[in-house]
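Some notes on the structure that comes next.
The values are calculated or read from the model by the stated rules, or taken from the named source; none is laboratory data. What you are looking at is a predicted structure, and each value in this text was computed from that prediction instead of being measured. Positions of Cβ are backbone-derived with ideal geometry, glycine not excepted, and every protein chain shown enters the neighbour counts.
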Amino acid sequence: MQRMTRQRTAVSELLAGTEDFRSAQQLHEMLRERGHSVGLATVYRTMQALAEAGDVDVLRGAEGEALYRQCQRTSHHHHLVCRECGRTVEIDSASVERWAAAVGDAHDFIDVEHTAELFGTCAACAARTGR
């Protein structure tokens, strides 16, 4: 990763205290609200470097935008994400692992890797919207 400047430290500290997936633009706005003077380009570069180093998970939102999160688990896992508020739960799923292995076997593939992100509506958002 690049040299840890004051701005990059602020981005890393904010991310460590953020539980849900956030875009670089959302992180930039959160930093500005907290009084940090960090450029949007610095946030993007920092998130890219953290993702390349494996220090954050990245997923694509509904509009294709990269969303970032510093996960609690470093081992392989999946996410259940509320599409309304962004609440995120880290999940293990043995059935997903078995499914991925079976699909690979069925097509004579080995060393199959995968990511599975599940999107839904959390109970709080469903109650708020009357669903």
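What to note about this one:
- Meets criteria (at pLDDT 90 or above, crowded, with 20+ Cβ neighbours inside 10 Å, β-branched (Val, Ile, Thr) and not assigned by TED's automatic domain parsing to the domain that holds ALA116) for VAL38: no
- Failed condition for THR42, given (1) touching a residue at least 12 places away in the same chain (Cβ under 8 Å); (2) of a type outside the set (A, V, I, L, M, F, W, C); (3) over 26 Å from PHE119 (Cβ atoms); (4) part of a loop (DSSP other than H, G, I, E, B): (4)
- Of all the criteria given as (1) in contact (Cβ under 8 Å) with a residue 24 or more places away in the chain; (2) of a type in the set (D, E, K, R); (3) closer than 30 Å to THR5 by Cβ, the one not satisfied by GLU90 is (1).
- Residues located in segment 108-122, provided they are under 21 Å from the mean Cα position of the chain (by Cα) and surrounded by 11 or more Cβ atoms within 10 Å (Cβ to Cβ): HIS114, THR115, ALA116, GLU117, LEU118, PHE119, GLY120, THR121, CYS122
- Those strands (runs of 3 or more DSSP E) lying entirely in segment 70-131 with at least 1 residues touching a Cys at 6+ places or on another chain (Cβ under 7 Å) and at pLDDT 85 or above: 78-82, 117-120
- Scanning segment 49-69 for residues that are at pLDDT 85 or above, of a type in the set (D, E, K, R) and exposed (fewer than 15 other Cβ atoms within 10 Å of the Cβ) yields GLU52, ARG60, GLU65.
- For segment 75-102, filtering for residues that are touching a strand residue (DSSP E or B) at 6+ places or on another chain (Cβ under 6 Å) and among the basic types (Lys, Arg) leaves 1.
- Counting the residues of segment 45-72 that are touching a Leu at 6+ places or on another chain (Cβ under 6 Å) and over 21 Å from ASP92 (Cβ atoms) gives 1.
- For segment 10-24, a residue qualifies if it is in a helix (DSSP H, G or I), within 14 Å of the chain's Cα centre (by Cα) and loosely packed, with under 14 Cβ neighbours inside 10 Å, and exactly one does: ALA16.
- A single entry from LEU31, LEU59 fulfils the requirement of being outside any loop (DSSP other than H, G, I, E, B), outside the structural domain of ALA94 (by TED's automatic domain parsing) and in contact with a strand residue (DSSP E or B) (Cβ under 7 Å, 6 or more places away or on another chain): LEU59.
- Condition check for GLY86: surrounded by 13 or more Cβ atoms within 10 Å (Cβ to Cβ) and over 18 Å from ALA16 (Cα atoms): no
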